[in-house]
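Student: Dumping the structure here so I can ask a few things about it.
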């Protein structure tokens, strides 16, 4: 019967083997496994924190990804309204608190809807993306058709009779 203790990714036998003889774990193995466990436990604390430049770049990226909800025309980074200023301060605060980009964007979409995002996840479906191009193509066909029709229509040449020509006033005699 073998009892094992799981430490890290390897298994260590504890005390007995199948034959019944007792085996002790060497001190060197125990120290090595303890160091491995300690490193795994301390790994999140040993990860480097974001530098000020990385944080500022992240804030800038988020400010350019959100539109000002007062007009939905300019990003928060550019717009000069009170709500845009408030949103810039919130983004700086949330980045400093350690919120992820997705959490911040989800917060703003929950408050203002998908139209607050510069690149919204609401992609027009069906024929809507093609509608402007369809109008342009139809307009071009209409113009070509009208030009051909106007050029092809002959101007009727009416032959004037002799009596009509004689009744015309002569402006050269005056």
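Every number here is computed from the coordinates shown, using simple stated rules; none is lab data. This structure is a prediction, so every number in the text was calculated from the model and none was measured. Glycine also receives a Cβ, built like all others from the backbone with ideal geometry; neighbour counts cover every protein chain displayed.
Student: Take every Cα-Cα distance within the stretch 51-148, group them into 10 Å bins from 0 onward, and report for each bin the whole-number percent of pairs it holds.
Tutor: Here the calculated profile for the stretch 51-148 is 14, 35, 20, 13, 10, 5, 1.
Student: Right, here's the next one. If you take the beta carbon distance between residue 42 and residue 110 as r and set R0 to 45 Å, what does 1/(1 + (r/R0)^6) give as a FRET efficiency, to the nearest 0.05?
Tutor: Taking R0 as 45 Å, the efficiency between residue 42 and residue 110 is 0.80.
Student: Taking N as the number of residues in the stretch 28-88, what is its Cα Rg relative to 2.2 N^0.38 Å? Show your work: numbers first, answer last.
Tutor: On the way: Rg = 21.8 Å, N = 61, 2.2 N^0.38 = 10.5 Å.
It is 2.08.
Student: Counting other beta carbons within 10 Å of each Cβ, put 63, 74, 103 in order, fewest first. Intermediate values should be presented prior to the final figure.
Tutor: Numbers: 63 18, 74 15, 103 11.
Ascending Cβ contact count within 10 Å gives the list 103, 74, 63.
Student: Any idea how far apart residue 26 and residue 151 come out in nm if each label point goes 7 Å out from Cα toward Cβ?
Tutor: Rounded to a tenth, the inter-label distance reads 9.6 nm.
Student: Using Cα pairs closer than 8 Å and at least 6 residues apart in sequence, work out the relative contact order for the stretch 51-148, in percent.
Tutor: Here the relative contact order equals 24 percent.
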